[in-house]
Structures are given as structure tokens and as C-alpha cells.
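A.B. asks: Please find one structure pasted underneath; my questions will follow.
The values are calculated or read from the model by the stated rules, or taken from the named source; none is laboratory data. As the structure is a prediction and not an experimental result, all values here were calculated from the model. FYI the Cβ positions are ideal-geometry reconstructions off the backbone, even for glycines, and counts take in every protein chain you see. Ligands, DNA and RNA are stripped out before the accessible areas are found, and what is left, the full protein with its side chains, is counted by its heavy atoms. Shrake-Rupley method; radii C 1.70, N 1.55, O 1.52, S 1.80 Å.
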Amino acid sequence: TNLSNVEYFRISPNPTNGEIFLNFNVRSTKDVYINVIDMSGRTHISNRKVSSGNKLNLGSSMKGNYIIQVKDKNGRILTTEKLIKN
């Protein structure tokens with residue numbers, strides 16, 4: 001994680017049935033870019049620009065565990081989070 005003590009990134013609900021809400025406070029940017037990657041390394045969502053409070057529909061993605069990779073506009077990884085899809 002490259003976030004400071006006052007910065008955060010939250011995904012809810014987790015586990016999810018397909019729709020998640022993204023809430024964050026990152027001083028360096030108001031928008032972040034996310035990748036959703038399954039445990040075999042396949043990217044399901046790539047560089048999607050999101051703002052805090054946005055919702056994201058994972059749609060037809062299969063059940064399982066995923067990694068949410070959060071990047072700034074320069075491609076620097078800010079944090080990664082685990083997501084479980086029921």
C-alpha cells in the first residue's frame with residue numbers, strides 16, 4: 001500500500017453478488033484507475049477511471065476471488081484489495 005494514514009480505499013459490499021461501491025480519499029487525485037484481476041492473472045476490467053462514490057457492476061464475471069488494483073493517473077499502484085464474488 002502506498003496510501004498515507006489519512007488516505008483510504010474501500011470496497012463494499014465484500015463479498016458481493018456483482019455490484020460494488022468504491023469509496024476513497026486519495027490526496028494526489030480525485031479519480032483513480034482500477035483493474036479487476038482474477039486469481040489466474042486474467043484481467044476482467046482494465047484501467048477503468050472511477051471517482052469516489054461510484055458503483056461498479058462486475059456483471060457476468062464468474063464467482064471467485066479477485067484482486068482490485070488501484071492506480072493513479074501515472075500508473076503508480078496506490079493499493080490492492082481482495083474482492084470475493086458470490
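A.B. asks: Which value, in Å², gives the accessible area per residue of segment 11-62 when a 1.4 Å probe is used on the protein heavy atoms?
C.D. replies: I get 59 Å² per residue for segment 11-62.
A.B. asks: Please report Rg (one decimal) and Dmax (integer) in Å for the Cα set of segment 1-51.
C.D. replies: Cα-based Rg and Dmax for segment 1-51 come out at 12.2, 33 Å.
A.B. asks: Taking the chain, how many lysine pairs are there with alpha carbons less than 25 Å apart, if each pair must be eight or more places apart or span two chains?
C.D. replies: 21
A.B. asks: Could I have the simple spin-label model distance between residue 61 and residue 8, label points 7 Å from Cα toward Cβ, reported in nm to one decimal?
C.D. replies: Result: 2.2 nm between the two label points.
A.B. asks: Of the trypsin sites (Lys or Arg not before Pro) in segment 7-71, which ones lie in a loop per DSSP and count no more than 11 other C-beta atoms within 10 Å?
C.D. replies: Answer in residue order: 27, 30, 42, 63.
A.B. asks: Please express the shape of the chain as an equivalent ellipsoid: the semi-axes are the square roots of 5 times the eigenvalues of the C-alpha gyration tensor, given largest first in whole angstrom.
C.D. replies: Largest first, the chain gives 21, 13, 11 Å.
A.B. asks: Just to verify a number: FRET efficiency for residue 25 and residue 82, C-beta to C-beta distance, R0 = 22 Å, to 0.05?
C.D. replies: Using R0 = 22 Å, I get an efficiency of 0.65.
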